[in-house]
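Asker: Let me give you the structure first, and then I'll get to my questions.
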Amino acid sequence: MKKDVKELALEQARKYGGKLSVVSKVEINNRHDLSVAYTPGVAAVSSAIADNKALAHELTIKKNMVAVVSDGSAVLGLGNIGAEAAMPVMEGKAALFKQFADVDAIPIVLDTQDTEEIIQIVKAISPTFGGINLEDISAPRCFEIEKRLIEECDIPVFHDDQHGTAIVVLAAVYNSLKLINKTLDKVKIVINGGGSAGLSVAKKFLAAGAKNIIIVDKIGIINEDDCASLPPHHAEIAKVTNRDKVSGTLEDALVDADIFVGVSAPGALKPEWIQKMADKPVIFAMANPVPEIFPDEALAAGAYIVGTGRSDFPNQINNVLAFPGIFRGALDAQATRITEEMQIAAALGIASLIPENELTTTNIIPDAFEAGVAKIVAKSVVEAIK
């Protein structure tokens, strides 16, 4: 009987003891090699950097090194499983960095879920790295952690659970709009899920020019009129979304909507609600492993384009399309931040990989293994800096 991926993953972990190893770039085969690689030769490199810290980007692994940092509090599909249990996921992320963009990445899991402690630890280790990729840190703590680290570190800090998802969704939306012959500033977008991914998707859409966005969370539609009772991160987004101040449920929000983005829970979208949407509705149901609605159900209900987070259906919304190339570009440019402009440029770069004459309802986003994805994204990021 064929083994499933979970069995194979356990076998792989037992066989290799993790996914990563450290390989020296230089040979140390004799005393001369030792004297160059270590003492006394290494003192010359250290002295040069002591005189000019910027040389660390040129003379050390910092130029190509990213820390993948997690506290294990919000691991996809598993929840708050802690530092040790999060390690295999961070190893996998590091392996993807190397595979897709030749970025060296080190997983760092922290045995604390205290916001201030995490900030101080990451700041303290930041001289080793050219960038920090925050991963699987629960909301709302992830917002404060990322914001503070961006302000207090002189290297790029990027929470992929927020921005990676948002960038790839935006790329898919750009191409979907071409097929439904609508523009971003005119469509009505409903986002189901008010966590880190949903809020970042909303902010990315707004930055790209969207005007009409409604966010629905467990409490219902997020409405500025309810700001006094909303948590701070919802009160903030309420001021720039749902400008008609609609109240109610997801079903109410979907009336005449053009695009549904689900970053929420299995089965959250009912087929009959799709029938209340505008002509040629676009459905991105990205809950994993079970989406808000399965593609066959959505299509039967009238959806025109359907995407999920799964690899066994067309139009997979996969973060790996974004984060390797974004960090490749940021490292190459020695950027100190990954700005909104860089992220929108990355989304446009991803979208451009599907020529307009090849765009179809089942081909709106490139495959993760399509050649050149990371290079195009990196190039787009670098050009956005100039």
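Asker: How much FRET efficiency would the formula 1/(1 + (r/R0)^6) give for residue 58 and residue 218, where r is the Cβ-Cβ distance and R0 is 56 Å, rounded to 0.05?
Answerer: Efficiency at R0 = 56 Å is approximately 0.70.
Asker: Treating the angle as unsigned and between 0 and 90°, give the value, to the nearest 10°, between the Cα long axis of helix 141-152 and the longest Cα principal axis of the chain.
Answerer: Tilt of helix 141-152: around 50 degrees.
Asker: I need the semi-axes of the equivalent ellipsoid of the chain: take the C-alpha gyration tensor, multiply each eigenvalue by 5, square-root it, list largest first in whole angstrom. Please report the intermediate quantities before stating the final value.
Answerer: Numbers: eigenvalues 302, 101, 86 Å².
Equivalent ellipsoid semi-axes, largest first: 39, 22, 21 Å.
Asker: For every other residue with a beta carbon closer than 10 angstrom to the beta carbon of residue 332, add +1 if it is Lys or Arg and -1 if Asp or Glu, then tell me the sum.
Answerer: Its environment carries a net charge of +3.
Asker: Taking the DSSP beta bridges in segment 1-150 as the whole, what percent of them are antiparallel, to the nearest 5?
Answerer: The antiparallel proportion sits near 10 percent.
Asker: Roll a 1.4 Å probe over the protein heavy atoms and report the accessible area of residue 16 in Å², nearest 10.
Answerer: Its heavy atoms expose roughly 140 Å² to the probe.
Asker: Filter the GluC sites (Glu not before Pro) in segment 291-386 to those in DSSP coil with at most 16 other Cβ atoms within 10 Å of their Cβ, and list the result.
Answerer: Answer in residue order: 370.
Asker: Next question. Just the Kirkwood number for segment 134-182, please: inverse of mean 1/r across all distinct Cα pairs, in Å, one decimal.
Answerer: 12.5 Å
Asker: If you take every DSSP beta bridge whose two residues both sit in the chain, what share of them, in percent to the nearest 5, is antiparallel?
Answerer: 10 percent
Asker: For segment 124-248, build the convex hull from the C-alpha positions and give me its volume per residue in Å³.
Answerer: It is 117 Å³ per residue.
Asker: List the pairs from 93/211; 15/375; 25/375; 211/386; 182/379; 147/204 whose alpha-carbon separation is above 26 Å, in the order I gave them.
Answerer: 93/211; 15/375; 211/386; 182/379
Asker: Still on this structure: More than 19 Å apart: what percent of Cα pairs in segment 1-125 qualify?
Answerer: 65 percent
Asker: Report the calculated FRET efficiency for residue 251 and residue 147 (r = Cβ-Cβ distance, R0 = 30 Å), to the nearest 0.05. Display every interim value, and only then the final one.
Answerer: Details: r = 34 Å, r/R0 = 1.13.
My answer for the efficiency is 0.35.
Asker: Once both labels are modelled 7 Å past Cα along the beta-carbon direction, what's the residue 21-residue 239 spacing in nm?
Answerer: According to this spin-label approximation, the distance is 5.4 nm.
Asker: If you average 1/r across every pair of different Cα atoms in segment 1-68 and take the reciprocal, what Kirkwood value do you get, in Å?
Answerer: Values: mean 1/r = 0.0638 Å⁻¹.
Hydrodynamic radius (Kirkwood, Cα pairs) of segment 1-68 is 15.7 Å.
Asker: Further question on the same structure: For segment 178-291, just run the numbers: alpha carbon Rg, then divide by 2.2 N^0.38 Å, N being how many residues it has.
Answerer: With N residues counted in segment 178-291, Rg over 2.2 N^0.38 Å equals 0.99.
Asker: So if R0 is 41 Å, what FRET efficiency would residue 12 and residue 181 give, r being the distance between their Cβ atoms, rounded to the nearest 0.05?
Answerer: The pair residue 12/residue 181 has a calculated efficiency of 0.35.
Asker: In addition: If each of residue 270 and residue 46 carries a label point 7 Å out from its Cα toward its Cβ, how far apart are those two points in nm?
Answerer: In this crude spin-label approximation the distance works out to 6.8 nm.
Asker: Per residue of the chain, what 222 nm ellipticity follows from adding -39500 (n - 2.57) for every DSSP H run with n ≥ 4, rounded to the nearest 500?
Answerer: The helix-only estimate for the chain comes to -13000 deg cm²/dmol at 222 nm.
Asker: Could you order peptides 27-36, 150-159 by the average number of other Cβ atoms within 10 Å of their residues, highest first?
Answerer: Highest to lowest by the protection proxy: 150-159, 27-36.
Asker: Suppose each label sits 7 Å from its Cα in the direction of the beta carbon; what would the residue 358-residue 340 distance come out to in nanometres?
Answerer: So the label points at residue 358 and residue 340 sit 3.2 nm apart.
Asker: Once the mean 1/r over all distinct Cα pairs of segment 100-178 is inverted, what Kirkwood radius in angstroms do you read off?
Answerer: 13.9 Å
Asker: Could you order the peptides 103-109, 271-277 from most to least packed, using the average number of other C-beta atoms within 10 Å per residue?
Answerer: Taking the mean over residues of other Cβ atoms within 10 Å, the ranking is 103-109, 271-277.
Asker: While we're here: Starting from 0.36 nm per residue, how many nanometres of slack lie between residue 32 and residue 229 once their C-alpha separation is accounted for?
Answerer: Numbers: separation 197, 0.36 × 197 = 70.92 nm, distance 6.88 nm.
Length gained between residue 32 and residue 229: 64.0 nm.
Asker: If packing is taken as the average count of other Cβ atoms within 10 Å, what order do 139-146, 110-117 fall into, highest mean first?
Answerer: Order by mean packing, descending: 139-146, 110-117.
Asker: Determine the share of the chain's accessible area contributed by carbon and sulfur atoms, expressed in whole percent, with a 1.4 angstrom probe. Don't skip to the answer; put the middle values down first.
Answerer: Values: 10060 of 18520 Å².
The computed percentage sits at 54.
Asker: Give the cross-link partners of residue 280 among the aspartates and glutamates, using a straight C-alpha distance below 14 Å as the criterion and excluding same-chain residues fewer than 8 apart.
Answerer: 256, 258
Asker: Quick check: residue separation of residue 154 and residue 371 times 0.36 nm, minus the Cα distance between them. What number comes out in nm?
Answerer: Values: separation 217, 0.36 × 217 = 78.12 nm, distance 3.17 nm.
Answer, rounded to one decimal: 74.9 nm.
Asker: Using only the Cα atoms of segment 253-323, what are the Rg and Dmax in Å?
Answerer: 11.4, 35
The values are calculated or read from the model by the stated rules, or taken from the named source; none is laboratory data. Model, not experiment: these values are computed from the prediction. As a convention, Cβ positions derive from the backbone with ideal geometry for all residues, glycine included, and neighbour counts pool all protein chains shown. Protein only, heavy atoms only, side chains kept; ligands, DNA and RNA dropped before computing areas. Shrake-Rupley method; radii C 1.70, N 1.55, O 1.52, S 1.80 Å.
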